[in-house]
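Working notes for the structure below.
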Amino acid sequence: MKPKILIVDDQADIRRLVRWALEDSPYVIYEAANGALGLQLAQTVRPDLVLLDVMMPGGMDGLEVCKTLRADPAFANTLIVMLTAAASEQDKAEALGLGANFFLAKPFSPAKLLELLGILLRGRKT
């Protein structure tokens, strides 16, 4: 079974860039345009990895999504990569403290993103 990746970002251009970077990869890609939709989709598809923007409008930012996922035992083994322009050391420490596995600052290299996902997902049973 192919690993499932959920992209949660309010910017359609970023979602499109990530999808483009992963189009020839062995992953099944899902997208959500905000935190609330991302949580709903996560419950439905049970992704192996979530790419999560920190700053999103609509009442639920990426930090809240990360915290909510980590509070649910069903997502204990789900990898969370914060993919964000909020790249201060404080932002990074807060995200990692809430349970994110990795923090990648925007702008990012699509090749580096693909490499990172390969490393994180290597050897995982899906």
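The values are calculated or read from the model by the stated rules, or taken from the named source; none is laboratory data. Since the model is a prediction, treat every value here as computed from it, not as a measurement. No Cβ is skipped: glycine too gets one built from the backbone with ideal geometry, and neighbour counts run over all protein chains shown.
Brief remarks follow.
- Note on the stretch 28-115: enclosed helices (runs of 4 or more DSSP H) holding 2 or more residues that are loosely packed, with under 13 Cβ neighbours inside 10 Å and either under 10 Å from the mean Cα position of the chain (by Cα) or modelled with pLDDT of 95 or more (or both) are 35-45.
- Hey, A32 in contact with a Gly (Cβ under 6 Å, 6 or more places away or on another chain) and more than 16 Å from K106 (Cα to Cα) or not: yes
- Filtered residue count, the stretch 85-126, keeping only those that are among the polar types (S, T, N, Q), over 22 Å from P3 (Cα atoms) and touching a residue at least 24 places away in the same chain (Cβ under 8 Å): 0
- Candidates D24, D10 - the one that is without any contact (Cβ under 8 Å) to a residue 12 or more places away in the chain and part of a loop (DSSP other than H, G, I, E, B): D24
- Contact annotation: residue pairs with Cβ atoms under 9 Å, 6 or more positions apart or on different chains, pairing a residue in the stretch 46-62 that is at positive phi with a partner that is modelled with pLDDT of 90 or more and of a type outside the set (A, V, I, L, M, F, W, C), are R46/K4; R46/T78; G58/D10; G58/N34; G58/G35; G59/N34; G59/G35.
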